[in-house]
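The values are calculated or read from the model by the stated rules, or taken from the named source; none is laboratory data. All figures in this text were calculated on a predicted structure; none of them were measured in a lab. Here the Cβ positions follow ideal geometry from the backbone for every residue, glycine too, while neighbour counts run over all protein chains shown. Please note that ligands, DNA and RNA were not included when accessible areas were found on the heavy atoms of the full protein model with its side chains. Shrake-Rupley method; radii C 1.70, N 1.55, O 1.52, S 1.80 Å.
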Amino acid sequence: MPLDESQIVKLLTGYMTQYPDETAALMPLYNAIGGHVREGACLHLDSCPRVAAGALVVDEHDRVLALWESHYSRWGLPRLLPHAEDNSLFDTAERAAKCTTGIGEVYQLTSVTGPVDIDVRRDVRGCGVHITYVLRFLFRSYSYELPQTAGHIQWRKIREVVPPQIESRLSTEYLTESRWRRVSGLAV
């Protein structure tokens, strides 16, 4: 993992404090990172949980930017694994928002510093199960920022892409907020 594991622990701790009902699903990652710190290395062999960052980009019509995931036959959200040049998972999420979709600008809600959702994905490979934790960060953009594409990237209704509890969280906690600021960084 190119990122400092203490950053991930801090994000997880804050998230579990804010959403205690999701703690059980996040404990395997929290314990794995604790094992890394205690042992000084990863001893999980090929079963170590992976961490990715995702972008939940909402437009002025409260639609979410979605990518067609043909291997799952569904709409999904942009996500990437961290690279060495990413200073934080937020940077990775911003890169996912811009590079995977071609969108021009994204804005950040000034009062939200951590993820608004953590998705646990189980990937069955051969005889084993690989778990990926996608920490999703919230961004705002304008519908005109999305270049014309072949249809595999679209603005979709939030309920078509995210689970109901996340849609409710967005509606009640974040989307009514008016203090959005431009995120500097990647220029696409």
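Some notes on this structure:
- Selected residue (criterion: surrounded by the most Cβ atoms within 10 Å (Cβ to Cβ)) from residues of the range 65-81 that are within 14 Å of the chain's Cα centre (by Cα) and at pLDDT 90 or above: L65
- For D123: the one exception among (1) under 16 Å from the mean Cα position of the chain (by Cα); (2) more than 16 Å from E5 (Cα to Cα); (3) open to solvent by less than 70 Å² (accessible area, probe 1.4 Å): (1)
- Where A25 falls short, out of the listed (1) at pLDDT below 85; (2) in a loop (DSSP other than H, G, I, E, B): (2)
- Scanning the range 83-106 for residues that are crowded, with 22+ Cβ neighbours inside 10 Å and not acidic (D, E) returns L89, F90, T92, A93, A96, A97, K98, T101, I103, V106.
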